């Protein structure tokens with residue numbers, strides 16, 4: 001049993017794992033697929049985590065051992081599992097802000113998704129793990145968690161049928177949001193980015209219009225496409241701080257800006273007068289909640305989300321560092337990267 005351990009940018013080591021002791025309520029799974037998330041890339045490239053650590057949390061696998069008291073899952077079940085669990089009882093949880101719960105980030109699978117085998121704690125078995133039906137692939141199962149994150153964001157913006165939607169950033173999350181916006185009956189979904197390949201992928205998954213932000217004035221183009229109305233919903237899906245200012249100029253009166261990406265540094269200004277004069281709202285969305293997973297699974301099962309058009313690369317676990325560098329390179333034709341065990345290659 002081995003895991004990929006992060007030490008520094010470009011420095012990952014495949015290291016042996018000690019045999020797990022599975023306690024009451026826990027399960028042991030064999031990782032079949034783990035998606036490479038933008039936050040994994042950010043942590044590894046920008047060194048925002050303390051090494052040594054095993055990253056990864058978009059997990060699909062197969063149960064190989066169950067602990068005492070586990071009755072809903074059995075050896076051989078194919079499952080998805082997410083990495084954080086709220087307490088459901090604190091002030092934040094009672095207000096519906098589950099991802100702000102102090103317990104949320106303190107919980108995790110052991111050691112992380114980029115590992116051949118993973119111990120799933122009892123809390124996760126109870127609240128963030130689910131069975132994959134026969135008609136859902138392991139690769140689709142690895143998309144449950146990121147899709148659930150997107151659903152959490154959509155829960156916060158009160159999108160209405162016929163809305164004009166603008167998505168700033170056409171990476172893996174942006175492409176999921178394109179499909180969700182169409183599912184929730186957007187009139188049109190406009191996507192901007194600086195990467196031509198990713199803009200093409202956005203079109204493939206249903207974007208009405210795409211804007212190359214280095215070649216076209218985004219504000220002018222959005223005004224043209226919406227007949228001067230602006231976008232009712234603007235979603236920031238790239239961690240670039242100036243996009244907040246751009247979003248504030250593109251959003252329609254009475255509209256909402258959803259911040260769905262971390263800003264490393266806020267060095268931008270925004271037209272603050274619009275809050276009062278135009279009743280603009282800005283909301284943020286971090287991670288997912290346990291109440292989003294069933295919906296995410298059903299959307300994948302019913303083909304609302306076409307994840308096969310998004311997956312561009314598959315790397316064995318031993319080449320995780322290479323996969324991260326590729327995914328980080330905005331000049332490459334890459335969108336969604338999946339990590340699989342070495343023996344499956």
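Quick note: the coordinates plus some simple rules give every number you see, no bench work behind them. These numbers were taken from a predicted model, which means no experiment stands behind them. Glycine gets a Cβ as well: all are built from the backbone with ideal geometry, and neighbour counts include every protein chain shown.
Could you put 54, 89, 312 in order, starting from the residue whose Cβ has the fewest other Cβ atoms within 10 Å?
Arranged by neighbour count, lowest to highest, 54, 89, 312 become 89, 312, 54.
Most mobile of 86, 271, 121 per a Gaussian network model of the chain (Cα springs, under 10 Å)?
Among 86, 271, 121, the largest mean-square fluctuation in the Gaussian network model of the chain belongs to 271.
Based on C-alpha coordinates, I'd like the Rg and Dmax of the chain, in Å.
Cα only, the chain: 20.2, 62 Å (Rg, Dmax).
Using only Cα atoms, find the angle between the long axis of helix 144-155 and the longest principal axis of the chain, and express it within 0 to 90 degrees, rounded to the nearest 10.
For 144-155 against the chain, the angle is about 40 degrees.
Among 307, 143, which comes first, then next, by fewest other beta-carbon atoms within 10 Å?
Details: 307 24, 143 28.
Final ranking by Cβ density, sparse to dense: 307, 143.
How many Å³ per residue does the convex hull of the Cα positions in segment 10-74 occupy? Display every interim value, and only then the final one.
On the way: hull volume 7.8 nm³, N = 65.
Taking the convex hull of the Cα positions in segment 10-74, it is 119 Å³ per residue.
Gain in length, residue 298 to residue 122, computed as 0.36 nm per residue apart minus the alpha-carbon separation, to one decimal in nm?
Full-extension gain reported as 60.9 nm.
Take residue 1 and residue 249, extend 7 Å from each Cα along the Cα→Cβ direction, and tell me the distance between the two endpoints in nm.
According to this spin-label approximation, the distance is 5.4 nm.
Mind checking the alpha-carbon convex hull of segment 157-284 and giving the volume per residue in Å³? Intermediate values should be presented prior to the final figure.
On the way: hull volume 12.0 nm³, N = 128.
Expressed per residue, the convex hull around the Cα atoms of segment 157-284 is 94 Å³.
Roughly how many nanometres apart are two label points built 7 Å out from the Cα toward the Cβ at residue 95 and residue 329?
With each label placed 7 Å out from Cα toward Cβ, I get 4.5 nm.
Using 0.36 nm per residue of separation minus the Cα-Cα distance, give me the extension gain between residue 158 and residue 200 in nm, one decimal.
12.3 nm
So how far apart, in nm, are the two label points at residue 53 and residue 219 if each is 7 Å from Cα heading toward Cβ?
The two pseudo-label positions are separated by 3.8 nm.
Can you tell me which of 284, 171, 141 moves the most in a GNM of the chain? Springs connect C-alpha atoms under 10 Å apart.
Looking only at 284, 171, 141, the largest GNM fluctuation is found for 284.
Place the peptides 204-212, 295-303 in order of packing, highest mean first, counting for every residue the other Cβ atoms within 10 Å and averaging per peptide.
204-212, 295-303
Could you give the length gained on full extension between residue 13 and residue 343, defined as 0.36 nm per residue of separation minus the Cα-Cα distance, in nm?
117.1 nm
Can you put 305, 59, 41 in order of Cβ neighbours within 10 angstrom, beginning with the fewest? Intermediate results must be reported in sequence, preceding the final value.
Working: 305 24, 59 31, 41 19.
Result, fewest neighbours first: 41, 305, 59.
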